[in-house]
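The values are calculated or read from the model by the stated rules, or taken from the named source; none is laboratory data. Keep in mind the model is a prediction, meaning the values are calculated, not measured. When we count neighbours, we look across all protein chains shown, and the Cβ atoms used for this are built from the backbone with ideal geometry, even at glycine.
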Amino acid sequence: MTNQFYANGKLDNFLENKFDMGSNNGFEPLFMPDYLKDFQSYLVDYSVRKGRAALFTDCGTGKTIMELVWADNVVRKTNKPVLILTPLAVSGQTLDEAKKFDIEAYRADVSKTPTAIQVTNYEKLHYFTPTDYGGVVCDESSILKNFNGTRKGQITEFMRQIPYRLLGTATAAPNDWEELGTSSEALGYYGYMDMLSKFFTNKQKSASLMRGRFHRQDKWILREYARENFWRWVASWSRAARMPSDLGFDNDGFVLPSLIENDTKIIASRPADGKLFDMHATNFFEEREVVRRTIKERCEAAAEKISQHKISMAWCHLNDEAKMLKEIMPNAVEISGSDSDDKKEEAARWFVHGKDERRVLISKPKIFGFGMNFQHCNHMTYFPTNSYEQYYQSTRRFWRFGQVNEVTVDRIYTDGGERMLNNLDRKAKAADEMFTELVRYMNDSLHMKNTYTKKEIQLPQWILK
């Protein structure tokens, strides 16, 4: 029995499977249109053959058309529909893209299940049955980590029951281990906690960790000796690129214009209660207080900046900010979370395709900050917070491949809120440096060889008897 275990090569398979490398569970592509760029064809070919894959490519690299071509391949292979999940207000844009490239796609409807691509948003997933579909696509999949545990679990469980799966998002933050773990779990590879325990260590050695309880705030550090194996594992089920050259292709047509960030400091008209003058905010509560105390001043400054442009986006985070901006700019369109999906899509369509010479859209990053293509516009105002991801995604609606003009971002902050602005700049620099490392490690991992070598083992005679 033991000798047969070695002789049949089962030990080789056992050791290789311990890495949980993403195996090829897909098929040879059945549809590869000529309009895809060379790097897009490579990524579609890779993800179709892989069967369960993630594409971490930057804004404007054509993730939507790659997702649609991938989905069309799965429809042809399985003769079953494919469900594309998108953030709010993005489904209409995806359908427009499908129509542009003559790919059959419909808005998902539980009463109708044509054998074609169906598009809906994440919030409506509970209406659908996974066994009805041959494949599923999560567009802007980085949004998964923003859902609560119940919603994220529902999406992951839905995907587990479908054979072909694709995740597409702008470059995942390389130090955001939760995002990589969530992606792996949704695709059916290591779970988030399995990934942490295999490749990472927690230097805090907190009492909760010693009791076997893990927390998001615990600082997880990639084990140095596991670094190469970790990126080899990530590269076994995903591809990452900020531009085509990261994959070895030419960057022709994929060079971004200049990004101009203007910072405007607002002095509060009155100090905080009980204070003679304003002090720099040193914690979250002080930052929140000064943000609410300066709503009028900040909105007036934003409106003044917007008046210098014909088409602008006014990002806000508070309902009171949105109401104030609308009061100052009555001809602008304001979209809030309570508005219907149809109204949100109608506003996005007006902002992109409207005939009005002057168009201003007021909304929050969590509504229009993911997935939207707004490169017709090259100006936005933004009230900084401590969330780098929201700022990055909001900016990338405009500053993306396909934008032909330089993009101006007016960041309006308070005298007491400089810490938030400094945090954004620090995180932006760190994210750029760390993604450079991610691409390098992933590209290196593609050329790694298995260091395990098969050897002839002489078993003692007493075992063979």
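Filtered by the rule that a residue be more than 29 Å from residue 438 (Cα to Cα), in a loop (DSSP other than H, G, I, E, B) and among the polar types (S, T, N, Q), the stretch 52-98 gives a lone residue, 79. Residue 388 meets each of the listed conditions (1) hydroxyl-bearing (Ser, Thr, Tyr); (2) closer than 20 Å to residue 299 by Cβ; (3) within 20 Å of the chain's Cα centre (by Cα) apart from (2). Filtering the stretch 92-115 to residues that are among the hydrophobic types (A, V, I, L, M, F, W, C) and under 23 Å from residue 34 (Cα atoms) leaves 95, 98, 101, 103, 105.
Across the stretch 103-127, which residue is surrounded by the most Cβ atoms within 10 Å (Cβ to Cβ) among those that are part of a loop (DSSP other than H, G, I, E, B) and in contact with a strand residue (DSSP E or B) (Cβ under 9 Å, 6 or more places away or on another chain)?
Filtering first and then ranking leaves 108.
Does residue 401 meet the test of being closer than 23 Å to residue 168 by Cβ and touching a residue at least 12 places away in the same chain (Cβ under 8 Å)?
On the way: closer than 23 Å to residue 168 by Cβ: yes; touching a residue at least 12 places away in the same chain (Cβ under 8 Å): yes.
Yes: the conditions hold for residue 401.
Hey, does the stretch 147-164 have a residue that's at pLDDT 85 or above, over 21 Å from residue 394 (Cβ atoms) and part of a strand (DSSP E or B)? Scanning the stretch 147-164, I find at least one residue that is at pLDDT 85 or above, over 21 Å from residue 394 (Cβ atoms) and part of a strand (DSSP E or B), so the answer is yes.
Conditions tested, residue by residue: (1) surrounded by 20 or more Cβ atoms within 10 Å (Cβ to Cβ); (2) in contact with a Pro (Cβ under 7 Å, 6 or more places away or on another chain); (3) modelled with pLDDT of 95 or more.
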| residue | (1), (2), (3) |
| --- | --- |
| 278 | no, yes, no |
| 293 | no, no, no |
| 303 | no, no, yes |
| 307 | no, no, yes |
| 315 | yes, yes, yes |
| 338 | no, no, no |
| 362 | yes, no, yes |
| 371 | yes, yes, no |
| 382 | yes, no, yes |
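Table: residues versus (1) more than 15 Å from residue 30 (Cα to Cα); (2) buried (at least 23 other Cβ atoms within 10 Å of the Cβ); (3) touching an Asp or Glu at 6+ places or on another chain (Cβ under 6 Å).
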| site | (1), (2), (3) |
| --- | --- |
| 43 | no, yes, no |
| 52 | yes, yes, no |
| 74 | no, yes, no |
| 78 | no, no, no |
| 85 | yes, yes, no |
| 89 | yes, yes, yes |
| 101 | yes, no, no |
| 129 | yes, no, no |
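Within the stretch 176-220, the residues that satisfy the criterion of being modelled with pLDDT under 55 and assigned to a loop (DSSP other than H, G, I, E, B) are 205, 206, 211, 212, 213, 214, 215, 216, 217, 218.
Would you confirm, using the coordinates I've provided, whether residue 118 is among the polar types (S, T, N, Q), free of Cβ contacts under 8 Å to residues at least 60 places away in the same chain and in the same structural domain as residue 32 (by TED's automatic domain parsing)? In short, yes.
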